[in-house]
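The values are calculated or read from the model by the stated rules, or taken from the named source; none is laboratory data. Quick caveat: nothing in here was measured; it's all calculated off a predicted structure. Neighbour counts run over all protein chains shown; Cβ positions are idealised from the backbone, glycine included.
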């Protein structure tokens, strides 16, 4: 592997300089633990310095992988972990996550999948989750806080709340049109943007219900022939990098997947034209049709 990424932008007001792509969840209990650790280390060796995880990713398996992959590394890595149960007490969740990470602290904890305004208002209420998370920050268990959302209205509210250092939401060829405009708003407000769903949970690249789940009728022994149009890895990466989030979070579970995405990111030179973005959105709508719910999109 000859790809080397360098930090080239600040993640909002955190003061941490990040690479344009980050390493997303790669937990898969059907793959040996050491293989997954090696794959993540491979991304870190390429210079990637932001890693995302959550307790809900394979019931803590992802956090254990991240902890093992980071063991002994000296270079600074921005670790984002999650508060999965957003209305439950925060401290026990932070403690459990840090135990699986085998670290005294994470760079940031974000409330996971907050996708309606009522829930977000409860997180912000006096004594609620955000107050509790800020207490964990005061105790040194994290440096920053934020939210991950599957609804642009919630992501906007989070950016405007002045209570978030990092906001995570979708950015790719098949996302609600309300998301991309939030990137500029977040930059104006000093909020870091870490954006996911570049590949539409894999639906844009292959005939899958998302995250490699086969379409109805397919079996492990007999894959269905390609019956829908697809986008390429390069087209998806170019689209997201054109939107210019601080970090495009890519879930890359195998070395060959890493290489294809790393090549696309390293060779990205110039934003796509408006006409090219429109064409990719049109083709993405065809590629994703009939592949189940796009839970990150209220469109």
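Here residue 95 passes the criteria (1) over 24 Å from residue 167 (Cβ atoms); (2) in contact with a strand residue (DSSP E or B) (Cβ under 6 Å, 6 or more places away or on another chain) except the one numbered (2). The sole residue among 204, 215, 224 that is at pLDDT below 95, out of contact with any strand residue (DSSP E or B) (no Cβ under 7 Å at 6 or more places or on another chain) and either surrounded by fewer than 18 Cβ atoms within 10 Å (Cβ to Cβ) or within 23 Å of residue 85 (Cβ to Cβ) (or both) is 224.
State yes or no: is residue 46 surrounded by fewer than 24 Cβ atoms within 10 Å (Cβ to Cβ) and in contact with a helix residue (DSSP H, G or I) (Cβ under 9 Å, 6 or more places away or on another chain)? In short, yes.
One residue stands out among those in region 122-134 that are free of Cβ contacts under 8 Å to residues at least 40 places away in the same chain and under 23 Å from the mean Cα position of the chain (by Cα): the one that is surrounded by the most Cβ atoms within 10 Å (Cβ to Cβ), which is 130. Scanning region 5-18 for residues that are without any contact (Cβ under 8 Å) to a residue 60 or more places away in the chain and under 18 Å from residue 262 (Cα atoms) yields a total of 3. Please verify whether region 64-85 includes one or more residues that are farther than 21 Å from residue 36 by Cβ and in contact with a helix residue (DSSP H, G or I) (Cβ under 7 Å, 6 or more places away or on another chain). Looking for residues that are farther than 21 Å from residue 36 by Cβ and in contact with a helix residue (DSSP H, G or I) (Cβ under 7 Å, 6 or more places away or on another chain), one finds at least one in region 64-85, hence yes. Here 155, 186 are screened, and the one residue that is assigned to a helix (DSSP H, G or I), in contact with a helix residue (DSSP H, G or I) (Cβ under 7 Å, 6 or more places away or on another chain), closer than 30 Å to residue 276 by Cβ and touching a residue at least 60 places away in the same chain (Cβ under 8 Å) is 186.
Results for (1) more than 18 Å from the chain's Cα centre (by Cα); (2) modelled with pLDDT under 95; (3) exposed (fewer than 14 other Cβ atoms within 10 Å of the Cβ); (4) closer than 15 Å to residue 177 by Cα, shown as yes or no for each residue.
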site: 236; (1), (2), (3), (4): no, no, no, no
site: 242; (1), (2), (3), (4): no, no, no, yes
site: 249; (1), (2), (3), (4): no, no, no, no
site: 267; (1), (2), (3), (4): yes, no, yes, no
site: 279; (1), (2), (3), (4): yes, no, no, yes
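Working carefully through the options 195, 164, find the one that is assigned to a strand (DSSP E or B) and either without any contact (Cβ under 8 Å) to a residue 12 or more places away in the chain or in contact with a helix residue (DSSP H, G or I) (Cβ under 9 Å, 6 or more places away or on another chain) (or both). Result: 195 is the single residue among 195, 164 that is assigned to a strand (DSSP E or B) and either without any contact (Cβ under 8 Å) to a residue 12 or more places away in the chain or in contact with a helix residue (DSSP H, G or I) (Cβ under 9 Å, 6 or more places away or on another chain) (or both).
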